[in-house]
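**Q** Once you've had a glance at the structure underneath, I'll fire off some questions.
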Amino acid sequence: MARLSVQLGPLVLRNPVMSGSGTYGHGREMALMCPPRHLGAWVSKTVTLEPRPGNPMPRMAETEAGLLNSIGLENRGLEYYLSEILPSMRDLDTLVVTNIGAECVEDFGTLAARLDGEAAVDALEVNLSCPNVGGGRLPFSTDARMAAAAIGRVRAATKKPLFAKLSPNVSDIASIACAVEAAGADGITAVNTLLGMKVDWRSRRPALATVQGGYSGTGIKPVALRQAWMCCKAVKIPVIGCGGIASADDALEFMVVGCRAVQVGTSNFSDPSAIGNLAQAIEHALDQACIADLEQWIGSFDNPRALAGA
Ligand code: SIN
């Protein structure tokens, strides 16, 4: 049977399958749907310093090939996460990644410092890329200096492994990836949602109260795959692929181009138990292809343009 464990910066994951932030609660509550040991890591919903009510309803809308959301980082804030959520995560048989979000550099630093001493937290994922706050301006993921400032502040505040979650809503993701690598990130999650919108022409109303939101799911996979590949080529730190991944084939497409792990997000809303079977499906697919060790095979993408020196 194929070996599935992967090195992700300072972490070793038993398999490359992670949940995508915001699609699997904080983790513990999903244990009945998916035994934690079936995942490489569980990623929390974004935690902010203060509680946030989120954006006005409606804030989710289905599309032909995915989902629009404008949740607006609704969560109960750091104190609640520390006292009510983390204690129940200590004995989880998987790695716990806490996703943090903020609207200023200082708050990123404060969050990281407060989480640094928490044994239940194995790593931080820094959400630089939520499109649903600040009117979709994405200040931390469209400007390399701002991205580096946020990651630098988190790096200074914690020794925990830290991953920077980037936005696809940029023309040159490689420059942002290089900036967060230089600022001390141990890895990159590529990518968050694409800006999108939906309207009802009869009522002449938008589907989301905020009009625009983040688009995710099957429809974004080709865009996400390209952006993840661009990151893989640009940096030495590991890249976690994210965007429209639901099946073993999807996961292996991201891994052959260089991603060392994958996150499953939107498909959790249609079948929250499916993520628990994904590692086994990947193992089966590798066995069928006579690939014994996933780690050795990652990034073995045959790129004819590169071979031709183009
Ligand atoms: C949200 O809470 O608005 C979604 C989170 C994200 O896209 O980062």
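The values are calculated or read from the model by the stated rules, or taken from the named source; none is laboratory data. Worth saying up front: this structure is predicted, and the values here are computed from it rather than measured. With ideal geometry, Cβ positions are generated from the backbone for all residues, glycine too; neighbour counts draw on all protein chains shown. Calculation scope for accessible area: heavy atoms of the full protein, side chains included, ligands and nucleic acids excluded. Shrake-Rupley method; radii C 1.70, N 1.55, O 1.52, S 1.80 Å.
**Q** Within segment 99-143, restricting attention to residues that are free of Cβ contacts under 8 Å to residues at least 40 places away in the same chain, open to solvent by 10 Å² or more (accessible area, probe 1.4 Å) and outside any loop (DSSP other than H, G, I, E, B), which residue is farthest from the ligand (Cβ to nearest atom)?
**A** Here the answer is Arg114.
**Q** Could we say that Lys160 is closer than 20 Å to Gly20 by Cβ and either part of a loop (DSSP other than H, G, I, E, B) or open to solvent by 20 Å² or more (accessible area, probe 1.4 Å) (or both) here? Reasoning before the result, please.
**A** Numbers: closer than 20 Å to Gly20 by Cβ: yes; either part of a loop (DSSP other than H, G, I, E, B) or open to solvent by 20 Å² or more (accessible area, probe 1.4 Å) (or both): yes.
Yes.
**Q** Given the options Cys231, Cys242, Cys259, name the one that is under 14 Å from Ser129 (Cβ atoms) and more than 16 Å from the ligand (Cβ to nearest atom).
**A** Cys231
**Q** On to the next question. Tally the residues that are in contact (Cβ under 8 Å) with a residue 40 or more places away in the chain, touching a Gly at 6+ places or on another chain (Cβ under 6 Å) and at negative phi, restricting the search to segment 45-83.
**A** Selection size over segment 45-83: 10.
**Q** Counting only residues that are under 22 Å from Asp93 (Cβ atoms) and away from the ligand (no atom under 12 Å from the Cβ), how many does segment 31-75 have?
**A** The total comes to 12.
**Q** Of the residues Glu283, Glu253, Glu295, which single one is of a type in the set (Asp, Glu), open to solvent by 20 Å² or more (accessible area, probe 1.4 Å) and in contact with a Ser or Thr (Cβ under 8 Å, 6 or more places away or on another chain)?
**A** Of Glu283, Glu253, Glu295, the one residue that is of a type in the set (Asp, Glu), open to solvent by 20 Å² or more (accessible area, probe 1.4 Å) and in contact with a Ser or Thr (Cβ under 8 Å, 6 or more places away or on another chain) is Glu295.
**Q** Something else now. If I ask for residues that are among the hydroxyl-bearing types (Ser, Thr, Tyr) and surrounded by fewer than 20 Cβ atoms within 10 Å (Cβ to Cβ), which ones from segment 78-96 would you list?
**A** Residues satisfying the conditions are Tyr80, Ser83, Ser88.
**Q** Restricting attention to segment 185-199, report how many residues are away from the ligand (no atom under 16 Å from the Cβ) and crowded, with 16+ Cβ neighbours inside 10 Å. Reasoning before the result, please.
**A** Within segment 185-199, the subset away from the ligand (no atom under 16 Å from the Cβ) is 185-187, 199.
With crowded, with 16+ Cβ neighbours inside 10 Å added as a condition, the list becomes 185-187.
Matching residues across segment 185-199 total 3.
**Q** From the list Arg202, Arg226, Arg155, pick out the single residue that is open to solvent by 40 Å² or more (accessible area, probe 1.4 Å), touching a Leu at 6+ places or on another chain (Cβ under 7 Å) and either under 29 Å from Leu82 (Cα atoms) or away from the ligand (no atom under 16 Å from the Cβ) (or both).
**A** Working: Arg202 fails: touching a Leu at 6+ places or on another chain (Cβ under 7 Å); Arg226 fails: touching a Leu at 6+ places or on another chain (Cβ under 7 Å).
Only one candidate qualifies: Arg155.
**Q** Among the residues of segment 49-77, count how many are assigned to a loop (DSSP other than H, G, I, E, B) and open to solvent by 10 Å² or more (accessible area, probe 1.4 Å).
**A** 16
**Q** Ok, one more. Out of all the residues in segment 82-95, is one or more touching a strand residue (DSSP E or B) at 6+ places or on another chain (Cβ under 7 Å), within 16 Å of the ligand (Cβ to nearest atom) and either part of a loop (DSSP other than H, G, I, E, B) or not hydroxyl-bearing (Ser, Thr, Tyr) (or both)?
**A** No, because not a single residue in segment 82-95 is touching a strand residue (DSSP E or B) at 6+ places or on another chain (Cβ under 7 Å), within 16 Å of the ligand (Cβ to nearest atom) and either part of a loop (DSSP other than H, G, I, E, B) or not hydroxyl-bearing (Ser, Thr, Tyr) (or both).
**Q** Can you find, within segment 13-33, the residue that is surrounded by the fewest Cβ atoms within 10 Å (Cβ to Cβ) among those that are in a loop (DSSP other than H, G, I, E, B) and at pLDDT 95 or above?
**A** The selected residue is Arg14.
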